[in-house]
Amino acid sequence: MSDQAAAAVHAEGHNPALLHHFAEPEQQRDAASLGMWVFLATEVMFFGGLFCAYLIYRLKYFGDFGAASQTLNTALGAANTGVLICSSLTVVVAVWAAQTARRTLLITSLILTLILGFAFLGIKGIEYRDKFVEHHVPGPSFSFDSEPIPGHPGQFANPNHAQIYFALYFVMTGLHAVHMIIGIGIFVWLLALAWKGRLTPEYNTPVEIGGLYWHFVDIIWIYLFPLLYLIDKHK
Amino acid sequence: MATAVAQPVERENYLNKHYGALSWLFTTDHKRIALLYLGSITFFFFIGGFFALLIRLELLTPVGDLVQADTYNKLFTMHGMVMVFFFLIPSIPAVLGNFLVPLMIGAKDLAFPRVNLLSWYLYIIGGTIMLHCMLTGGVDTGWTFYTPFSTAYTNTKIVEAGIAIFIAGFSSILTGLNFVVTIHRMRAPGMTWSRLPLFIWAHYATSIVQLLGTPVIAITIVLVAAERLLHLGIFDPKLGGDPLLFQHLFWFYSHPAVYIMILPSMGVISEVIACYTRKRIFGYKFVALSSIGIAVLGFLVWAHHMFVAGISVYAALVFSLLSYAVGVPSAVKVFNWTATMYKGSIHYDAPMLYAFGFLGLFTIGGLTGLFLACLGVDPHVTDTYFVVAHFHYIMVGGAVMGYLGGMHFWWPKISGRLYPEGWAKLAALIVFIGFNLTFFPQFILGYVGMPRRYYQYPGEFQVLNVLSTAGATVLGIGYLLPMVYFLWSMRYGKPAPDNPWNAAGLEWQTQSPPTTFNFDEEPVVTWEAYNYEQLGDFPPEQEARGV
């Protein structure tokens, strides 16, 4: 997946000069930007299959999913949401800095984005570790005994159904984390370009479409957070 | 252009500009990448064909004598997986589309040449993993790898095959992405949407399906692999999972995938019919928009594969109705092609013979599709040879006929040589006869009750099975012939003029074979598509025909 994203960025950015098969820089820029939008449409479908599976099982095993979701650490999830929203701001600042030739600001905001990206992965790592400790990772060692179903005193969640919740939790957040890692790779490359002074007001397509990708990954998290962490908070 | 004779000294072109393996492996020229794809998909076509041969040989006799049940299960599974994911889906888009999309719209290359090369490498990586999977045991679930059999019971190489298909899927996505951006952003001045060749419209529609469908099968494969490795229960009813959800996700891609195969073929047929009847395609706009219509409707019919799987009758009712609706844009195309031929000046050259074959076989395949979309008939014929015959009429009778027709039509442009017309006509005839002999008996077999995917059958089905196997042999010869004379013509064929068929379209206005950047100067389009009334008649016999 990532390779494409990287390659889409790459195809455009490797040579700051106009590539031979384009008539003018504007055409080249339009093509790159449209390419990233189309790629993001495929990403929507990619995550869409998972959201569809989530929807089916959430309706089928409503209480079990609620019980399972209560074992997540909402504070850490909320912190990560804040981290990603801040990183979207630094990305926007980076794009603006590139367009207006503010090199120091560009490099600073790219580095800040990277720090926030690593912070997200670090917090996610702590959450994953907790799940391992609690035996909530699906598979042979999975255990989810006597967890009450919220709002239904005396009823307990079915471990098999809870396991489906955790399977979806790990696949969805894992896939999101893979996208974050790819995004970090793209931003390291952007940082190198910025360092060499290759991102100018005339040519800043890489930071623009790299930014599009980063925002998309943020938006996926904005949907994952309530669906996985908050579904039963009102009880 | 029609009068241009072949030069005594070969002009510089995309084939002779650079030499050596590295100049091919690191090329970003869309035409060279098309040829890389041509070689690789031909390789996989003959592997898939080899499995088909073994299947037909086993079915020659009612008893299981050639192979045992387990081997037979693997044979039809690997036949399906190789043919669907490594031949049919890349076939026309990755070969003819790659070669022609930039040429037809007057561009120097696709929008992202390096992404294009990456897509070929992904295909090769996926293909290599698939080969390894086949050589070390293969898969026995059928190409549909239904759960929970695939995730909890079979001990064959599901995860490896899944990885191969996952990677090949991203190769397909990248091709579609490149086409969409290229068609939007790289058209020559004057090449408006209403002047685009129908081949381009068909590829645009195909790309939409590739882009929106393929990611869903990719994520489904991820879930199947995770479930198999960790025993999660997402699709296993014993653990609370829902196998129907797998089927929904699988067919959400795999039904539209049929349109990835057939739409480009329809684009080829439009070009061929216009040229060999010397007429503008009747109802150009309707044919163009019907491609988009098929792509959109194609996403709304997937559950007709699940009528007997236990879905609700109301859902089945809606999906049945929508499946009928796909017949509308398909019929628009068939009627408009037929209307184009009416009072046309028809030339019975090999590409046109394939187009005729396509028309008849696609119509039969499409109409029997309506039988299967019908809630009353489907339970009777589902999972029988009727289904097998139906989808082979679409995929082989439709898609492969179009592919072969297109390969002949554009071979002079691709190779700079003419193919031997007499042999080509003979091959087209052999393919048509062999195809019908192979698959028509299967309609009858299915209707009288022979189920698919069994390696033995009652004695009364033998006559029809023998006919089918005989037909498959004829068909095999029909497929080998073009490969032989295409290779022959690369060395011994008569050099092709720039526009041997006096055809419309920008690809015929540049030299054969084209230079690396396609056009010496950027073309400016001032005419409508298929301006055959201005081009006059087909060139006289001797001038255009090889040998």
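Rule-based calculations on the coordinates, nothing more; no lab input. Just so it is clear, the model here is predicted, and its values are computed rather than measured. Don't worry about glycine lacking a Cβ; one is built from the backbone with ideal geometry, like all the others, and counts go over all protein chains shown.
Within the set A:LYS131/B:LYS74; A:LYS124/B:LYS74; B:LYS108/B:LYS494; B:LYS74/B:LYS425; A:LYS60/A:LYS124; B:LYS108/B:LYS425, which residue pairs have Cα atoms separated by over 32 Å?
Those over the limit are A:LYS131/B:LYS74; A:LYS124/B:LYS74; B:LYS74/B:LYS425; B:LYS108/B:LYS425.
Each residue of region A:67-73 in order: what ³J(HN,Hα) in whole Hz does its phi give by Karplus 6.51 cos²θ - 1.76 cosθ + 1.60, θ = phi - 60°, with x for Gly and Pro?
Karplus-based 3J(HN,Hα) across region A:67-73 equals 4, 5, 5, 6, 7, 6, 8 Hz.
Taking amide H atoms as placed 1.01 Å from N in the peptide plane, list the residues 5 or more away in sequence, or in a different chain, whose amide H sits under 5 Å from that of B:GLY138.
B:LYS157
For Cα pairs less than 8 Å apart in space and 6+ apart in sequence, what is the mean separation divided by the residue count of region B:409-547, i.e. the relative contact order in percent?
That works out to 38 percent.
Quick check: Cα centre of region B:340-367 to Cα centre of region B:171-223, how many Å?
What the calculation gives is 26 Å, centre to centre.
Using only alpha carbon pairs under 8 Å that are at least six residues apart, calculate the relative contact order of region A:44-230 and give it in whole percent.
34 percent
Defining a contact as two alpha carbons under 8 Å apart and six or more residues distant in sequence, what relative contact order in percent does region B:21-544 show?
The normalised contact order for region B:21-544 reaches 18 percent.
Output needed: percent of Cα pairs per 10 Å distance bin for region B:291-396, bins running from 0 to the one holding the longest distance.
14, 40, 30, 12, 4, 0
Over all alpha-carbon pairs in region B:62-192, figure out the percentage whose distance exceeds 26 Å. Please report the intermediate quantities before stating the final value.
Numbers: 3177 of 8515 pairs.
Of all Cα-Cα distances in region B:62-192, 37 percent exceed 26 Å.
Residue by residue through B:209-215, how many Cβ atoms from other chains fall within 10 Å of the Cβ on average? Please list the in-between numbers first.
On the way: counts 0, 1, 5, 5, 2, 3, 10.
Counting Cβ atoms of other protein chains within 10 Å of each residue's Cβ and averaging gives 4.
Which of the helices in chain B meet the span-like rule: DSSP H, Cα axial reach of 27 Å or more, Kyte-Doolittle mean at least -1.0?
Qualifying helices: B:30-58, B:113-135, B:158-185, B:198-230, B:256-277, B:313-341, B:350-373, B:421-447, B:462-492.
Using Cβ counts within 10 Å as a stand-in for footprinting exposure, how do A:LEU89, A:LEU190 rank, fewest first?
A:LEU89, A:LEU190
When the Kirkwood radius is taken over all Cα pairs of the protein assembly as shown, what Stokes-Einstein diffusion coefficient follows at 37 °C and 0.692 mPa s, in µm²/s?
D = 117 µm²/s.
Under the √(5λ) rule applied to the eigenvalues of the Cα gyration tensor, what semi-axes describe the equivalent ellipsoid of region B:21-544? Give them in Å, descending.
37, 25, 23
Sort B:TRP143, B:TRP251, B:TRP411 so the one with the fewest other Cβ atoms within 10 Å of its own Cβ comes first.
B:TRP143, B:TRP251, B:TRP411
Straight-line reach only, C-alpha to C-alpha below 14 angstrom: list the aspartates and glutamates that B:LYS279 could link to, leaving out same-chain residues fewer than 8 apart.
B:GLU271, B:GLU528, B:GLU533, B:ASP537
What do you get for the angle between helix A:74-99 and the principal long axis of chain A? Use alpha-carbon atoms, 0 to 90 degrees, nearest ten.
10 degrees
Could I get the Rg over Rh figure for region A:44-230? Both from C-alpha atoms, Rh via Kirkwood, rounded to two places.
Looking at region A:44-230, the ratio lands at 1.09.
At a Förster distance of 30 Å, what's the computed FRET efficiency of B:THR192 paired with B:PHE335, Cβ-Cβ distance as r, to 0.05?
E(calc), rounded to 0.05, equals 0.70.
Would you mind calculating the gained length between B:LEU60 and B:VAL524 on full extension (0.36 nm times residue separation, minus the Cα-Cα distance), in nm to one decimal?
Gain on extension, B:LEU60 to B:VAL524, equals 161.2 nm.
Which cross-chain or sequence-distant (5 or more) residues have an amide H under 5 Å from the amide H of B:THR384, H modelled 1.01 Å from N in plane?
Amide H to amide H, under 5 Å and 5 or more residues apart or across chains, B:THR384 pairs with B:ARG452.
Along Cα→Cβ, 7 Å out, is where each label goes; now give me the distance between the ones at B:THR473 and B:LEU131 in nm to one decimal.
3.0 nm
Would you work out the Kirkwood radius for region B:391-439? I mean one over the mean of 1/r across all pairs of different Cα atoms, in Å.
It works out to 11.6 Å.
Scan around B:ARG417 for amide H atoms under 5 Å from its own, H built in the peptide plane at 1.01 Å from N, and keep only partners 5 or more places away or cross-chain.
The list, which skips near neighbours in sequence, is B:ALA496.
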